[in-house]
């Protein structure tokens, strides 16, 4: 039986969602997308001046990539901003999928739990398929589910820090308490080993951007994350060994030769 | 240019060395070896009673695997034991490669730094290619190099614990101070994410056994480690992003719409 | 100038707030309070059957302790429950100080950010001095300040776990971003070293119960925490050394004798 | 029964050993010694030019402090250097107590396990009371005991880094396996909370220098460490609570009021 | 004959219709308790005025240890 | 002569009173943008009907990279 | 009648005085083993020459799994 | 005219051949120092007997701060 990621009724074979920002060039971006195997890519909307309209290399490349679009509401601080930017996304990108961000602080760029729940509820009412960027707070996560979200995207660490999984206790609690909900670690992942650990813990997927785009070789790093995420998922399904406090030999201890000598030694 | 692992003048495309013990069955062992892509496998010698001679399923399977043999001296506590078991290995296995273990404590199964250096020097004299299972002590590692070892295998954690990399500081120091020496993390690795991290840190390979053999599905776990180790190596060569203390947005902040509204909000 | 803790206009010389539950006996409780030097102690309200009224040893001991009372709303899950239990506390204990708990989950016993803000706002309106038990979420903390709380009590880890400071990143962010607000680490502290670390980070005080009451010797442990909290505060004010990545000798390296011999050695 | 630290037959009431280097001034040093309550202080020997002989402020202050002297062999890299510097110490300082350092690496300043054991054996033969600065390697520690050392001083982290206890696993193993041996954490401690943790783990004392001398206010920091070390020892003897994985309420859950309302809420 | 609940226990509500009388009857005396009726706090000063009705739920609470 | 803002820039609002004309005039053509007036999204289909007034704030947004 | 030990088990050392004969007699045939006498490795080529004495301890080892 | 080293500095070794005289001449007086010749500790009691030779390396050390 194939192991697929199901989000809002769609199946994905990749568990790696990738962002499109911060790459040295559009060409490197599209090679990185290809190397990542990502099927869902995030992008955004910003004010445009008419002059730019002509050249929008990145936008052509995204469409060529064949990836499904996941527009975000990055930078929105109020429910009104998030809802209206979401509507504009739906019109331009012709998709009702949305990575919902309602930012609560300019410095740590964390989600605003209060605005997030309110915006999520309104957007679900309007027919959006909302994937909220949230914290690892279990109560917040349940409120988002009550609001109609069918997928949650808790942060690992603040955006762009690469600090990895800052609160394993809370994240493990989320996973244990919401066993049926697709959970995607979004933001803070800096290295493939961290992504692998998230999957080993049972998280369903990882969404990141900076760690690939800011690598010395983004295309190679996209591949590294792809491999690590597959590794983590495979390991989760294969059942990790139980961590032990004390050592135990792998090589058999029975029938060890020289025990006479050993005795002498120990004499 | 292909990225290969060079040990004692031989090139390997796999950076995953795997043990042959603790599997539920010989069949599962050989499937796991195949899934791991390992080119070097560890095995050992123990007293035999004549009756057994006939059936030695595992031994036939190992030979069929086509993997290069890396006999160990597991369980030896004295230099004399290790040296003589090494000689017996060389005769039976027809190889001068050796994973040298001189165990200093029955409970944590750690290497004995003193016996290890003495045994390594003697075995190098006798023409062995010694891969010593050692601690993360830089001075010990240099003594082993002085003794003629061309590869070192520092532990991550005690054998069979799966605790991962217990002392990242010491391990990072080893890697930084011995840039030219092939360093293989041996023992203590419990999850693919830990193996990936070792490779990300610049270690050349990983040797383990329990984490695969004691997984619920050893064959799948062997694959997971193979993927993670490739991921970690790819990431190391791709140049990881630099970890940041403070958040920074991936999506552009310039030309954010609604800033008038934002002002109102902040009023 | 004396270093005191200022909460709602009152000054305290102790930075250790202690709970009154889970002690082997009322006598041990009151000895522990004395040993701790605590000036603020938490207690609660529960249904009473008339028979009990006579014997309430603990309640007499608390009053004799001379400590200021900080009634909690432990176990309340709704705003209505918390507000009404608070009113009952104010009548019985004759104090408008309140440790506000609105529990959002029966298993991790975490605060409900949504109910907490609503209850805090209502209770401030009613003239309570609210000390909310909250998470380490910066946005939640600011909402509580907006609601009129003048003190915040973020958790270190779930109640009764003794896991210590689970998310140092978030806690350090809170401290840095709310420099003027008295911040008390409440819940999750299991060892004096963890309490000392909280004070070293600049937190103003620590509130705990289980780690003292469930120690083998609660009275001695109360003293240990008192010492550790004083140590952490002293250290914070004395300015900790900056952590270094590489070693540097304390003993002077200049004028080392034997350098000729050293040369020989290194030859 | 008084709880004292016994080293080589002498009893000490303080478990804090302090270094004398790196202070802003001799006056600050001697105030810091006084504030620390230390009864054992480390110092060293270096080449002197005759001109200096007159002014040796620090040396007078040390003698006035009434602390017992613990000369070190800092900077020695060979057995010969360490042994001869030890002899010179004994003549000048009129004490056979010695903090034995045989440095194995100029960058991490770690002990050389091999030279250390050899030097320790020779110095014990010559009647010294050797307190070796060693690593957390159990086998090395046993060799030092075999050589006649009655006290061991494993590092927490490299000298001057303030990184704290880098390998808790190894340190806990040492403590568990050598229950009768006085173990002093020497080097790497940067904050009082780290010192408290070492004592909580059962270590008998802490020796440090940089963390006090390089604090913004060394005298206050000396006091902070003194308090933290007392706290850690008190906690160790009082028996720490057992860390729990899941939350458990401190306030009683029985007889909670409003359960009818709670039901309504949950309906 | 209607009933009330006190701390989850059924009590018969006889001719005593005030909260004050109900509490006395149930044996609650002294100062060391506080009361809520149907989840709403009732200040001590109002006990005499409050008329209870069948089905009312009383909570009578007293100090306990807490963390 | 009243004014509007487009993406924070002042524009003179001449005889063109509809959103559609204002966008043309400002040089916005093609499909690859979306519009909000005073922070409220306006579907493309309504551009022709919407009458602008002085002081109106338009946001015209287009796809950009994002994380 | 003197004795030797093979892998910790007592064996009677009869008129067979060479290592080669002792191994045969104990049932060790084929190639898949190696031998040490009193803890010292003995190369296969020397089995015929080695004379055993009472009290000698033989170790006969074969491949096993290992980590 | 032969030379010795004291703490790494060259000193002319004149007619004073004993360690005691050499130290005096170099200005080392009092009790607060200890001496090694060619890396070997020399107890204070032996200063008068020790005859120095050209090329000898003296270390004269005194107390300093230490960690």
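Counting only residues that are within 13 Å of the chain's Cα centre (by Cα), within 20 Å of residue B:163 (Cβ to Cβ) and either surrounded by fewer than 24 Cβ atoms within 10 Å (Cβ to Cβ) or more than 8 Å from chain A (Cβ to nearest Cβ) (or both), the stretch B:204-227 holds 5 of them. Here residue C:236 meets the list (1) more than 8 Å from chain D (Cβ to nearest Cβ); (2) part of a helix (DSSP H, G or I); (3) touching a residue at least 40 places away in the same chain (Cβ under 8 Å) almost entirely, failing just condition (3).
Criterion applied to A:105, A:60 was being outside any loop (DSSP other than H, G, I, E, B) and without any contact (Cβ under 8 Å) to a residue 40 or more places away in the chain, and the one residue passing it is A:60.
Assessment of the stretch B:139-150 against the conditions (within 14 Å of chain A (Cβ to nearest Cβ) and closer than 23 Å to residue D:104 by Cβ) yields no matching residue.
The residue that is nearest to the other protein chains (Cβ to nearest Cβ), among those in the stretch F:36-66 that are surrounded by 14 or more Cβ atoms within 10 Å (Cβ to Cβ), assigned to a loop (DSSP other than H, G, I, E, B) and out of contact with any helix residue (DSSP H, G or I) (no Cβ under 7 Å at 6 or more places or on another chain), is F:66. Tell me yes or no: at least one residue of the stretch G:16-35 is in a loop (DSSP other than H, G, I, E, B) and more than 14 Å from every other protein chain (Cβ to nearest Cβ). For the stretch G:16-35, residues in a loop (DSSP other than H, G, I, E, B) and more than 14 Å from every other protein chain (Cβ to nearest Cβ): present. Among the residues of the stretch B:6-23, none qualifies, meaning not one is part of a helix (DSSP H, G or I), in contact with a helix residue (DSSP H, G or I) (Cβ under 9 Å, 6 or more places away or on another chain), at pLDDT 95 or above and buried (at least 16 other Cβ atoms within 10 Å of the Cβ).
Take residue D:86 and decide whether it is more than 18 Å from the chain's Cα centre (by Cα) and either closer than 21 Å to residue C:257 by Cα or part of a loop (DSSP other than H, G, I, E, B) (or both). Criteria met by residue D:86.
Within this structure, residue A:75 passes the test of being touching a strand residue (DSSP E or B) at 6+ places or on another chain (Cβ under 8 Å) and within 12 Å of chain B (Cβ to nearest Cβ).
In this structure, residue B:160 does not satisfy being surrounded by fewer than 22 Cβ atoms within 10 Å (Cβ to Cβ) and on the phi > 0 side of the Ramachandran plot.
The residue that is farthest from residue H:44 (Cα to Cα), counting only those in the stretch D:94-118 that are out of contact with any helix residue (DSSP H, G or I) (no Cβ under 6 Å at 6 or more places or on another chain), crowded, with 19+ Cβ neighbours inside 10 Å and more than 14 Å from chain C (Cβ to nearest Cβ), is D:116.
Taking the stretch D:219-230 on its own, how many of its residues are in contact (Cβ under 8 Å) with a residue 40 or more places away in the chain and within 22 Å of residue D:155 (Cβ to Cβ)? Count: 5. Just one of the numbered conditions (1) over 20 Å from the mean Cα position of the chain (by Cα); (2) more than 20 Å from residue B:189 (Cα to Cα); (3) within 13 Å of another protein chain (Cβ to nearest Cβ) is not true of residue B:64: (3).
If residue B:255 meets every condition in (1) within 14 Å of chain F (Cβ to nearest Cβ); (2) in contact (Cβ under 8 Å) with a residue 60 or more places away in the chain apart from one, which number is that one? Checking residue B:255 against (1) within 14 Å of chain F (Cβ to nearest Cβ); (2) in contact (Cβ under 8 Å) with a residue 60 or more places away in the chain, the one that fails is (2). Being assigned to a loop (DSSP other than H, G, I, E, B) and surrounded by 16 or more Cβ atoms within 10 Å (Cβ to Cβ) is the filter here, so list the residues in the stretch H:5-15 that pass it. Matches in the stretch H:5-15: H:7, H:13. Among (1) closer than 15 Å to residue A:250 by Cβ; (2) without any contact (Cβ under 8 Å) to a residue 12 or more places away in the chain, there is one condition residue B:80 misses while meeting the rest; what is its number? Only one criterion in (1) closer than 15 Å to residue A:250 by Cβ; (2) without any contact (Cβ under 8 Å) to a residue 12 or more places away in the chain is unmet by residue B:80, namely (1).
Applying the condition of being more than 20 Å from residue D:3 (Cβ to Cβ), assigned to a loop (DSSP other than H, G, I, E, B) and within 14 Å of chain C (Cβ to nearest Cβ) to the stretch D:167-203 and asking which residue is modelled with the lowest pLDDT yields D:187. Does the stretch C:30-51 include one or more residues that are touching a residue at least 24 places away in the same chain (Cβ under 8 Å) and farther than 26 Å from residue C:182 by Cβ? Looking through the stretch C:30-51, at least one residue is touching a residue at least 24 places away in the same chain (Cβ under 8 Å) and farther than 26 Å from residue C:182 by Cβ. Restricting to the stretch D:33-50, and then to whatever is within 8 Å of another protein chain (Cβ to nearest Cβ) and not in a loop (DSSP other than H, G, I, E, B), can you tell me which residue is nearest to residue D:229 (Cα to Cα)? Restricting to residues being within 8 Å of another protein chain (Cβ to nearest Cβ) and not in a loop (DSSP other than H, G, I, E, B), the top hit is D:42. Inspect the stretch C:64-82 for any residue being assigned to a helix (DSSP H, G or I), surrounded by fewer than 24 Cβ atoms within 10 Å (Cβ to Cβ) and at pLDDT below 95 and give the result as yes or no. Yes, the stretch C:64-82 contains a residue that is assigned to a helix (DSSP H, G or I), surrounded by fewer than 24 Cβ atoms within 10 Å (Cβ to Cβ) and at pLDDT below 95. Of the residues making up the stretch D:119-137, those that are outside any helix (DSSP H, G or I) and crowded, with 23+ Cβ neighbours inside 10 Å are D:128, D:130, D:131, D:132, D:133, D:134, D:135, D:136, D:137. What pairs come up if the first residue lies in the stretch G:20-44 and is at positive phi, the second is assigned to a strand (DSSP E or B) and surrounded by 15 or more Cβ atoms within 10 Å (Cβ to Cβ), and their beta carbons are under 7 Å apart, counting only those six or more places apart or on different chains? Once the first residue is at positive phi and sits in the stretch G:20-44, its partners that are assigned to a strand (DSSP E or B) and surrounded by 15 or more Cβ atoms within 10 Å (Cβ to Cβ) give G:38/G:57. Checked against (1) more than 14 Å from chain A (Cβ to nearest Cβ); (2) touching a strand residue (DSSP E or B) at 6+ places or on another chain (Cβ under 7 Å); (3) touching a residue at least 24 places away in the same chain (Cβ under 8 Å), residue G:7 passes all but condition (1).
Selection over the stretch B:91-123 of residues that are more than 24 Å from residue D:111 (Cβ to Cβ) and in contact with a strand residue (DSSP E or B) (Cβ under 6 Å, 6 or more places away or on another chain) gives a count of 9.
The values are calculated or read from the model by the stated rules, or taken from the named source; none is laboratory data. Keep in mind that what you see is a predicted model, and the values were worked out from it rather than measured. Positions of Cβ are backbone-derived with ideal geometry, glycine not excepted, and every protein chain shown enters the neighbour counts.
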